[in-house]
Structure formats: structure tokens, C-alpha cells
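This report refers to the structure that appears directly beneath it.
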Amino acid sequence: MFEALKSGVLLCELANNCVPGTVPKFNGDPQNSIVEMENISIFLACAPKLGVEEELVFKYSDLWDGITVATERAKVLATLS
């Protein structure tokens with residue numbers, strides 16, 4: 001599941017499904033890691049607008065670098081719940 005989130009596309013789509021128009025523009029077909037990180041950053045910037053408390057919002061590095069660490073996986077899941 002976490003690997004599928006790394007492009008940021010599903011995260012942005014999730015935000016838009018929760019509140020239409022939350023993420024007005026993102027790259028739906030990222031071709032490199034820089035664009036993927038931009039998508040994740042766009043989602044993270046919108047997370048508080050979706051009611052996610054700031055201390056529960058993960059950092060993009062949590063998804064990219066720390067996904068094998070249980071605490072980082074838990075933080076990503078907390079943001080999405």
C-alpha cells in the first residue's frame with residue numbers, strides 16, 4: 001500500500017474525493033521522483049484543510065525514507081484516517 005502512495009497521485013485524489021477541489025492541480029502521471037515529491041507536498045499542504053491536525057500530518061520523507069519504520073507507517077496511516 002505505501003509504495004502505491006509514493007507518487008502522491010492517490011493522496012491528491014483522496015483529498016479531492018473527500019472535499020472536491022481541495023487539490024486543484026497535481027501531476028496525475030509523474031515521471032520522476034521530484035514530481036512525485038511535489039504531489040505529496042501538495043497533499044500535505046491541503047491536509048489541514050481536510051481537518052487533519054497538524055501534529056498528525058506526516059512529512060514526505062516519512063513516506064519516502066522511513067516507510068520501513070513502524071512509527072513512520074503509523075504516522076502516514078494517522079494522517080489518512
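The values are calculated or read from the model by the stated rules, or taken from the named source; none is laboratory data. Everything numeric in this text was worked out from a predicted model, so none of it was measured. Please note: Cβ atoms are built from the backbone with ideal geometry, for glycine as well, and neighbour counts cover all protein chains shown. Remember, those area values only see protein heavy atoms, side chains included, never the ligands or the DNA or RNA. Shrake-Rupley method; radii C 1.70, N 1.55, O 1.52, S 1.80 Å.
When the helices of the chain are scored as -39500 (n - 2.57) per DSSP H run of n ≥ 4 and the total is divided over every residue, the value at 222 nm lands at -15000 deg cm²/dmol.
Using 0.36 nm per residue and subtracting the Cα-Cα separation, the extra length available between Ser81 and Cys18 on full extension is 21.5 nm. FRET efficiency for the pair Glu38 and Phe2, taken as 1/(1 + (r/R0)^6) with r the Cβ-Cβ distance and R0 = 25 Å, rounds to 0.85. Expressed as a whole percent, the accessible surface of the chain that belongs to carbon and sulfur atoms is 56, based on a 1.4 Å probe. The residues of the chain expose, per residue, 60 Å² of accessible area to a 1.4 Å probe.
For Lys25 and Glu54, the difference between the fully extended length at 0.36 nm per residue and the C-alpha to C-alpha distance is 8.2 nm.
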